[in-house]
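The values are calculated or read from the model by the stated rules, or taken from the named source; none is laboratory data. These numbers come from a predicted model, not from an experiment. In this analysis, Cβ positions are derived from the backbone assuming ideal geometry, glycine residues included, and neighbour counts consider all displayed protein chains. Heads up: the accessible areas ignore ligands, DNA and RNA and are worked out on the full protein's heavy atoms, side chains in. Shrake-Rupley method; radii C 1.70, N 1.55, O 1.52, S 1.80 Å.
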Number of protein chains: 2
Amino acid sequence: MSIELIVDVKNQIKHALEEVEKKQIDNVFFVACGGSSALMYPSKYVVDREAKKMDAHLYSANEFIHRNHAKLGDTSLVILCSHSGTTPETVEAAKFARAKGALTISLTNEPTSPLAQASEVVLKYEWGPTANAFATNYSVLYQLVFGVLKVVENNEKFATIENSLENLQTVFEKAASKYHEAAVEFGKQYKDEKIIYTMASGSNYGVAYSFAICILMEMQWVHSHAIHAGEYFHGPFEIIDEETPFIILLGLDETRYLEERALEFSQRYGKKLIVLDAKDFDFSGIDEEVQGYIAPLVLNYVLRRYAENLAEQRNHPLSTRRYMWKVEY
Amino acid sequence: MSIELIVDVKNQIKHALEEVEKKQIDNVFFVACGGSSALMYPSKYVVDREAKKMDAHLYSANEFIHRNHAKLGDTSLVILCSHSGTTPETVEAAKFARAKGALTISLTNEPTSPLAQASEVVLKYEWGPTANAFATNYSVLYQLVFGVLKVVENNEKFATIENSLENLQTVFEKAASKYHEAAVEFGKQYKDEKIIYTMASGSNYGVAYSFAICILMEMQWVHSHAIHAGEYFHGPFEIIDEETPFIILLGLDETRYLEERALEFSQRYGKKLIVLDAKDFDFSGIDEEVQGYIAPLVLNYVLRRYAENLAEQRNHPLSTRRYMWKVEY
């Protein structure tokens, strides 16, 4: 990773935090749609655990607008994201939030897009196979969120997270390499399945959600549902049998017990289990204190390899759509 | 409904509010599992919209404990629910919340249960085919929540909601009667489906969630997922085709536009659509100001008739389980 890139990302974050420092911030709203919303779930987990005063809320963009949360106002920070910066509901949500007096900070790959123009502060992230993890969406968002926690609440993990994220790309590559065979096998063994569930809890739930709705439902037209590992035992577990595939994620955060319990039960009554365990990953360079927060980013990266192998085996490219960008909606 | 029952419920709420009044309350946590958690989603919607100061959070019980929200403390109100009062995670959550100094109020059908014993205040609700809606879980929870909003924030809708809920049973019965034929048809037409999705937004999302995980997955072993109507267009809608059944709920709250948009799209590309529209219901006796909040309760009641018809046609009673209460977990 070039020094220039690191400096550029850090400068962007620094500029955003200068704007945050000018205001009193009582709460933060995470607002986006689909995959961009899913990437914010770990950040809500972080604020829930770390912030002693600031409250965190997460809504899909149109729900955010129409729900019209009574505590959205001039002491609110609204963090938005849209990859293309053109998602109409998210652009509208930025305008809505500004009209309420909130500070709006948007993440996007397109810094001249409508979302960028509608927002007070824009953070451009990198994307694609050659992008360094430090400059991609999850990492930029974490730097912003831990930065806000520092500025607003004197939380001390900002430097730790920044230093750790500089080593994220290596962790990504080692984890993907370790799970390479498993990812290939997943594509071969599960290519004919009509439904595949995903499951996780805590900071990892958003990754399970993203894989279910964006990869399986959207990109592969495979039925799915992201089951919360704690809710599993209060309804969903009745669906498991030897024929029903479950992707079960185990992270390193404080809710890991929920995921382990769900796995243990599933191993007794299910047979088609795909397990990704962050304990298998080499977290060298990631401070132990934040490994629980970083695990979902690594799980998400590794799962992308699973998606690619599934797509290849099914001869159904991840870019195939029947409605999205093709018809009116 | 007997005067005695009304008086008893109101006295229970009055006692609970006296305890709330003794404390400073900055936030409220809704904590339960499965169907008992789903019944709290509309209440979170209410607090989000109505409370100018108090924040609302909703977590499955074990997630609540292990996530360990930093703002849970002696100015927190934790509202819990377990029908039997024996759900281990929820009992544990009550103890955890008390140890943090929070005020705990539990709803249960069993006022001598472990959850009742672990909580400072207990609200017993009625249940079953002969119970009057005013005394059932959704209604008791709304009375508590609007009462808390009154006591803590001088919100003025408490009397309106109480008076409206006294007429809820009649609304339930008229709505079920109006949708009787449709519920019977649902059972007949969809008895052989392997997957049925549900969809809603705002205050109605919890009803869609409950039907998906408790009725379809748990009680019928039918694959399902509750799709948020706003998220639909950012992934899940790629799954719809002429073969895939969707139960689409339309309520009366501020997010109805999201549900209407999802329905309109689904009507273009899907064929197996089961639509329940609260606009079809007779809300006489329910104040117009709170009809949006009451709609999910009515949708939930009508959907129970759909569940019963489906169970009958599939010859799979709603009480059938293979794991729940039968094996260790």
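What residue, among those in region A:67-84 that are under 17 Å from the mean Cα position of the chain (by Cα) and in a loop (DSSP other than H, G, I, E, B), is farthest from A:Ser36 (Cα to Cα)?
A:Ser84
Which residues, taken from region B:64-80, are open to solvent by less than 10 Å² (accessible area, probe 1.4 Å) and over 14 Å from A:Ala51 (Cβ atoms)?
B:Phe64, B:Ser76, B:Leu77, B:Val78, B:Ile79, B:Leu80, listed by residue number.
Looking at (1) away from every other protein chain (no Cβ under 13 Å); (2) surrounded by fewer than 16 Cβ atoms within 10 Å (Cβ to Cβ); (3) touching a helix residue (DSSP H, G or I) at 6+ places or on another chain (Cβ under 7 Å); (4) not acidic (Asp, Glu), can you tell me which one B:His316 breaks?
Result: B:His316 passes all but (1).
Can you tell me how many residues in region B:232-244 are under 18 Å from A:Tyr197 (Cα atoms) and within 7 Å of chain A (Cβ to nearest Cβ)?
5
Only one residue in A:Arg256, A:Arg305, A:Arg314 is in contact with a Lys or Arg (Cβ under 8 Å, 6 or more places away or on another chain) and of a type in the set (Lys, Arg), so which one is that?
Values: A:Arg256 fails: in contact with a Lys or Arg (Cβ under 8 Å, 6 or more places away or on another chain); A:Arg305 fails: in contact with a Lys or Arg (Cβ under 8 Å, 6 or more places away or on another chain).
Just a single option satisfies the conditions, and that option is A:Arg314.
Any chance you could count how many residues in region B:229-249 are in a strand (DSSP E or B) and in contact with a helix residue (DSSP H, G or I) (Cβ under 6 Å, 6 or more places away or on another chain)? Give the derivation first.
Keep residues of region B:229-249 that are in a strand (DSSP E or B), which gives B:246-249.
Subsequent filtering for residues that are in contact with a helix residue (DSSP H, G or I) (Cβ under 6 Å, 6 or more places away or on another chain) retains B:246, B:248-249.
Adding up the residues that qualify gives 3.
In contact with a Ser or Thr (Cβ under 9 Å, 6 or more places away or on another chain), open to solvent by 20 Å² or more (accessible area, probe 1.4 Å) and under 28 Å from A:Glu63 (Cα atoms) - does that describe any residue in region B:168-176?
no
Can you confirm whether region B:32-48 contains a residue that is facing chain A (nearest Cβ under 10 Å), among the hydroxyl-bearing types (Ser, Thr, Tyr) and open to solvent by less than 10 Å² (accessible area, probe 1.4 Å)?
Among the residues of region B:32-48, at least one is facing chain A (nearest Cβ under 10 Å), among the hydroxyl-bearing types (Ser, Thr, Tyr) and open to solvent by less than 10 Å² (accessible area, probe 1.4 Å), which makes the answer yes.
Quick one: is B:Lys44 closer than 22 Å to B:Thr136 by Cα and out of contact with any helix residue (DSSP H, G or I) (no Cβ under 8 Å at 6 or more places or on another chain)?
yes
Consider region B:192-219. How many of its residues are touching a Gly at 6+ places or on another chain (Cβ under 9 Å) and more than 10 Å from chain A (Cβ to nearest Cβ)?
3
Against the condition in contact with a Leu (Cβ under 9 Å, 6 or more places away or on another chain), under 26 Å from B:Arg49 (Cα atoms) and open to solvent by 50 Å² or more (accessible area, probe 1.4 Å), how does A:Glu92 come out, does it pass?
Judged against the criteria, A:Glu92 is not a match.
If you check A:Leu107 against the conditions, is it of a type in the set (A, V, I, L, M), open to solvent by less than 10 Å² (accessible area, probe 1.4 Å) and touching a residue at least 12 places away in the same chain (Cβ under 8 Å)?
For A:Leu107, the condition - of a type in the set (A, V, I, L, M), open to solvent by less than 10 Å² (accessible area, probe 1.4 Å) and touching a residue at least 12 places away in the same chain (Cβ under 8 Å) - is met.
Which ones in region A:1-30 are open to solvent by less than 90 Å² (accessible area, probe 1.4 Å) and among the β-branched types (Val, Ile, Thr)?
Once the filter is applied, which keeps residues that are open to solvent by less than 90 Å² (accessible area, probe 1.4 Å) and among the β-branched types (Val, Ile, Thr), region A:1-30 yields A:Ile6, A:Val7, A:Val9, A:Ile13, A:Val20, A:Ile25, A:Val28.
Tell me, yes or no, whether region A:129-148 has at least one residue that is more than 14 Å from A:Lys10 (Cα to Cα), among the hydrophobic types (A, V, I, L, M, F, W, C), in contact with a Leu (Cβ under 8 Å, 6 or more places away or on another chain) and in contact (Cβ under 8 Å) with a residue 60 or more places away in the chain.
no
Conditions: (1) in a helix (DSSP H, G or I); (2) closer than 24 Å to A:Phe172 by Cα; (3) more than 14 Å from chain B (Cβ to nearest Cβ). A:Met1 meets all but one. Number of the miss?
Of the numbered conditions (1) in a helix (DSSP H, G or I); (2) closer than 24 Å to A:Phe172 by Cα; (3) more than 14 Å from chain B (Cβ to nearest Cβ), the odd one out for A:Met1 is (1).
Residues in region B:250-265: is at least one outside any strand (DSSP E or B), open to solvent by 10 Å² or more (accessible area, probe 1.4 Å), at pLDDT 95 or above and farther than 30 Å from A:His69 by Cα?
no
Kindly evaluate A:Arg268 against the criterion of being more than 22 Å from A:Tyr142 (Cβ to Cβ), surrounded by fewer than 24 Cβ atoms within 10 Å (Cβ to Cβ) and within 12 Å of chain B (Cβ to nearest Cβ).
yes
Please go through region A:94-112 and pick out each residue that is among the hydrophobic types (A, V, I, L, M, F, W, C) and under 19 Å from the mean Cα position of the chain (by Cα). Outline the logic, then answer.
First pass over region A:94-112, keeping only residues among the hydrophobic types (A, V, I, L, M, F, W, C): A:94, A:96-97, A:99, A:102-103, A:105, A:107.
A:Ile105, A:Leu107 - these are the residues of region A:94-112 that are among the hydrophobic types (A, V, I, L, M, F, W, C) and under 19 Å from the mean Cα position of the chain (by Cα).
Residue by residue through region A:62-96, note down the ones that are of a type in the set (Lys, Arg) and within 12 Å of chain B (Cβ to nearest Cβ). Steps first, please.
Taking region A:62-96 and keeping what is of a type in the set (Lys, Arg), we get A:67, A:71, A:95.
Those that are of a type in the set (Lys, Arg) and within 12 Å of chain B (Cβ to nearest Cβ): A:Arg67, A:Lys71.
On the given criteria, is A:Met324 within 14 Å of another protein chain (Cβ to nearest Cβ), in a loop (DSSP other than H, G, I, E, B) and open to solvent by less than 20 Å² (accessible area, probe 1.4 Å)?
yes
Being at pLDDT 95 or above and surrounded by fewer than 22 Cβ atoms within 10 Å (Cβ to Cβ) narrows it down to one residue among A:Thr198, A:Thr160; which is it?
A:Thr160
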